[in-house]
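Comments concern the structure below.
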Amino acid sequence: MTRVVVKRLLVGVLVMWGAASLIFVIVRAAPGDPATLLLGPDAAPDQIRELTAKLGLDRPLPVQYVSYLGDVVRLRFGDSYLFNRPAMAEVFERMPATAELMLASTAIAVIAGLTLGLIAGGRPGKVVDRVVSAGTIALQSFPTFWSGIMLILIFALALRLLPSAGSGTPAHLVLPAITLALPFTATVARLTRTSVAETMREQYINTARSKGLTERQVLLGHALRNSLIPVVTIIGLHMGGLMGGAVVVENVFAWPGVGTLVVDAVANRDYTVVQAATFLVAGIVMIFNLAADLVYSQLDPRIRLESAA
Amino acid sequence: MTRSRLLGLVLATALALTGCGATSGGSDSGKSEITVAGTYPIQNLDPASPAGGGNTGTNLVAQEIFSRLVRPKQDGSVEGDLATDWKSNSTATEWTFNLRSGTKFSHGSALTANDVAASFKRLLDLQSTNAKNFSGYTMTAPSDTQVVLKAPKPDASIPHKLVIFYVVPAKVTGEDPDFFKSPVGSGPFKLQKFDPSGTVDLVPNPNYYGGAPKLDKVTFKTMPELAARMTALRTGEADLIWGIPDDQLPQLQSESNLSVETVQSTAVFTMWFNSGEPALRDAKVRRALWQAVDFPTIIKQLYPQTGTLADSPISPVTLGYVKQEPVKYDPAAAKAALTAAGFDFSKKLRLQFANAEFRPFNQAVVSDLQKIGVQVDPLEKEQAVFTKDLLAMNWDVNFQQLSNPTYDAANTLGRLYTCEAKRNGYCNPSLDKLLAAAVATPDEAERTRLYGEAGKIIWDDAVGMFPMAVKYAYAFNKRLTGFTPDPNGLPDFAKVQVSGS
């Protein structure tokens, strides 16, 4: 196990180098430059040249790249052009809010998705299965920004139950977390439904039933554990998608996380913040994927990590 | 656990979660505290830095924390802030500002002319976008209550230019991020909390020369999403919002606890033609294109409350505004003029703009031009791409909502339409002479006359189409009294009160 984890971590270093290099190229390939954006279209060419030099962007790209990689190794990404302070510090400050949002939405998605999936998968072909299947398709179809606005209009404006946007109290977390969780809930529910429906056709399920166990005991005691394997995998893989969704959700709800930070940074070509945030998010996704593999092997002893590695 | 107990637990948790949050802040707090929900991010509190200088969010907060020599009034004129009076020499190259005595920073130390001069030097040293207005200028402090600003050439627009110059203690030099985490100023408010992720809390400055504001606290929250902003206002989570599209205004106007007011802004919809392009070099062609668009109808349809047909390249609240002869919609005459001028109807014009908010307006313009056979490709671009292409003249028609933070035509006509500016391919030495004369004339009436003549050339030569003068709509809770909508989207809260508190 340790050997596999170390091996995975070494592969992870390569992945992180790839992610860091890719984002370095992408932000510089995007048209527009930070100095002109910061100073505005009326800036004199010498002002733009001077600021470009101050930001270190007048150096040849290979020189910038080598210097950047050296900084990445030391987890230094330079100062944000907009915030005038270390970019990684800015990202770290916003990360707890995003983590809170992602954890809450993951919890909602897993609990709701598993419940719906078990209900539907336990009664394949029945009305409840059809309702859940149709509902999850609908949930996956709604654009996140639209669901967010609808939730604001219903729960904040019409019912006055929850705040419309911002942060600071647990109540502020509810709507953004639900919005972010909706498409993920549908994914978990559909996957669980399929997995449970398949498991329920296995011989050992018939054996359990023949022992006189109730349908609920069969479902929760025997089918659930095996059905969890693909769900755990999808949770690990879905972290990247959740991060993408968080960008939209944070903007709709003015949630002070990494998503809003990255949107502003991209719009203003704040390279340092984009690089720092992408690097950190890539690391988190990688760790979640590794964790998912480890849990996967614990849930199903037949699966050996060596083969997965 | 039984099903009913489980349900009870879920409901109790939901109530616990929602109980305090739904109406936190805003009008239900009962104190003299208000929450302002704006669209602009406030990432930096240093208005002299390259990042903060041109940033509206930074300026919104900076004007509350820091004083200026002068500040703008709603009608576009300037009034003294730290300065009690000012005068120039006969050539407008030397300006003397007398400062009010006894002014203090929020931490209690005296503000002197030395702080003003040092702040000016810092502004120039940091080379922000605002510093370009003062290239080669120097400021000295002959006494504790007087500063003298010397310009390298005659500049009668100096008082207006100085509305974006803020005073910090003299000890602050260069970029000083630590100082601006908890800045000290002499404005009506002082900083209580700054979270660059979207919240700024201000509390009254007891040492403010005009007396501490009556509000206990002003909280600025960044809310980019319009639906969230409007909902926050309607539920009382926010007390003031602005930047509201016309189609949403009736909804807010129907709310009994809200006031909606519009104010003439400094902004004008400006659609430059690239006069450097062979197809658009002829003023007759440009004017015919303008004539082909039914702007009165477009404005009536899209901006019934916040738009009026423009009658000048600059706003009525700008020094130098003079009304011009309207361009009448006449598509038949437009087509005839284009044909007579040999316009190539097979050429597709590139119309660039930068914000989805302006998409319907630009699409309507494209549609009208198509009716007379002019093909236009509307290109909606991301801001960074738009700016790059704008400067590279990579467009045929360029749409911008041009506002003017200084309220002076020198900042728009004088800056954007000279041959040297190279902003729209138009070059007219006669116009250059007029603009140079206008900025060098200390007499305001004469300056206005000269800018009027310059505006007429720009208007008649159709350097661009100038379709709409923009009003800004503000919606606020009726419990706010003393609030004045600002023509530049930078409302001041020094005189705002909460009724009943």
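Odds and ends about this structure:
- Amide H to amide H distances under 5 Å link A:D79 with A:A87, where only residues 5 or more positions off or on other chains count and H is placed in the peptide plane.
- Kirkwood radius and radius of gyration were both taken over the C-alpha atoms of the stretch B:167-239, and their ratio Rg/Rh is 1.06.
- Cut-off under 5 Å, modelled amide H: who pairs with B:R350 long-range: B:D377, B:D396, B:V397
- If you wrap the stretch B:259-405 in the convex hull of its Cα atoms and look at it from every side, the mean projected area works out to 9.7 nm².
- With the simple spin-label model, which puts each label point 7 Å out from Cα in the Cβ direction, the A:L61 to B:K31 separation comes to 5.4 nm.
- The stretch A:35-104: trypsin sites (Lys or Arg not before Pro) in DSSP coil with no more than 12 other Cβ atoms inside 10 Å: A:R74
- Here the label points at A:R216 and A:L10, each 7 Å from Cα along the C-beta direction, are separated by 5.2 nm in the simple model.
- Tensor-based shape of the protein assembly as shown (alpha-carbon gyration tensor, a/c under 1.5 rounded, otherwise prolate or oblate): prolate
- Remark: mean inter-chain Cβ contacts per residue of B:49-58 equal 5, using a 10 Å Cβ-Cβ cutoff to other protein chain atoms.
- The stretch B:349-501: C-alpha gyration tensor shape, a/c 1.5 cut-off, then a/b vs b/c: oblate
- When B:S143, A:S164, B:S254 are sorted by how many other C-beta atoms sit within 10 angstrom of their C-beta, beginning with the fewest, the order is B:S254, B:S143, A:S164.
- For chain B, the longest piece that avoids every one of the trypsin sites (Lys or Arg not before Pro) found in DSSP loops with at most 16 other C-beta atoms within 10 Å covers B:348-421.
- Residue pairs exceeding 29 angstrom between C-alpha atoms, taken from A:K54/B:K388; B:K193/B:K388; B:K193/B:K471; B:K323/B:K347; B:K150/B:K471: B:K193/B:K388; B:K193/B:K471; B:K323/B:K347; B:K150/B:K471.
- Calculated mean residue ellipticity, 222 nm, chain B: -8500 deg cm²/dmol, from DSSP H runs (n ≥ 4) at -39500 (n - 2.57) each, averaged per residue and rounded to 500.
- Förster radius 25 Å - calculated FRET efficiency between B:Q305 and B:K328, Cβ distance, rounded to 0.05: 0.55
- Phi-derived couplings, Karplus 6.51 cos²θ - 1.76 cosθ + 1.60 at θ = phi - 60°, listed residue by residue for the stretch A:53-66: 5, 4, 7, x, 9, 8, 7, x, 4, x, 5, 4, 5, 5 Hz, with x used for Gly and Pro.
- Calculated mean residue ellipticity, 222 nm, chain A: -25000 deg cm²/dmol, from DSSP H runs (n ≥ 4) at -39500 (n - 2.57) each, averaged per residue and rounded to 500.
- For residues of A:130-137, the mean tally of beta carbons on other chains within 10 Å: 0
- Averaged over the residues of A:42-50, the number of partner chain Cβ atoms lying within 10 Å of the residue Cβ comes to 4.
- Computed on chain B, with alpha-carbon pairs under 8 angstrom and 6+ residues apart, the relative contact order is 20 percent.
- The ranking of B:L45, B:L338, B:L258 from fewest to most other beta carbons within 10 Å of each one's beta carbon is B:L258, B:L338, B:L45.
- For chain B: rounded, prolate or oblate by the Cα gyration tensor [a/c cutoff 1.5]: oblate
- For chain A, averaging the sequence separation of C-alpha pairs within contact (under 8 Å, six or more residues apart) and dividing by the residue count gives a relative contact order of 26 percent.
- Taking the fewest neighbouring Cβ atoms within 10 Å as the starting point, the ordered list for A:W146, B:W95, B:W86 is A:W146, B:W86, B:W95.
- Cα centroid of the stretch B:416-452 to Cα centroid of the stretch A:21-82, whole Å: 36 Å
- Using the Karplus relation 6.51 cos²θ - 1.76 cosθ + 1.60 with θ = phi - 60°, the per-residue 3J(HN,Hα) values for the stretch B:407-417 come to 6, 10, 4, 4, 7, 10, 4, x, 9, 9, 10 Hz, with x marking Gly and Pro.
- Hz values of 3J(HN,Hα) by residue in the stretch B:367-384 - Karplus curve (6.51, -1.76, 1.60), Gly and Pro given as x: 5, 5, 5, 5, 4, 9, x, 8, 8, 10, 9, x, 10, 8, 10, 5, 3, 5
- DSSP-defined beta bridges in the protein assembly as shown - what % are antiparallel, rounded to 5: 75 percent
- Theoretical FRET efficiency, 1/(1+(r/R0)^6), r = Cβ-Cβ of A:F145 and B:E255, R0 22 Å, to 0.05: 0.35
- Placed amide H near B:A156: partners under 5 Å, 5+ positions off or other chain: B:A440, B:T441
A short reminder: the numbers here are calculations on the coordinates, not readings from a lab. Treat the numbers as computed from the prediction; the structure is a model and nothing was measured. Neighbour counts are summed over all protein chains in view; Cβ atoms, including those assigned to glycine, are modelled from backbone coordinates with ideal geometry.
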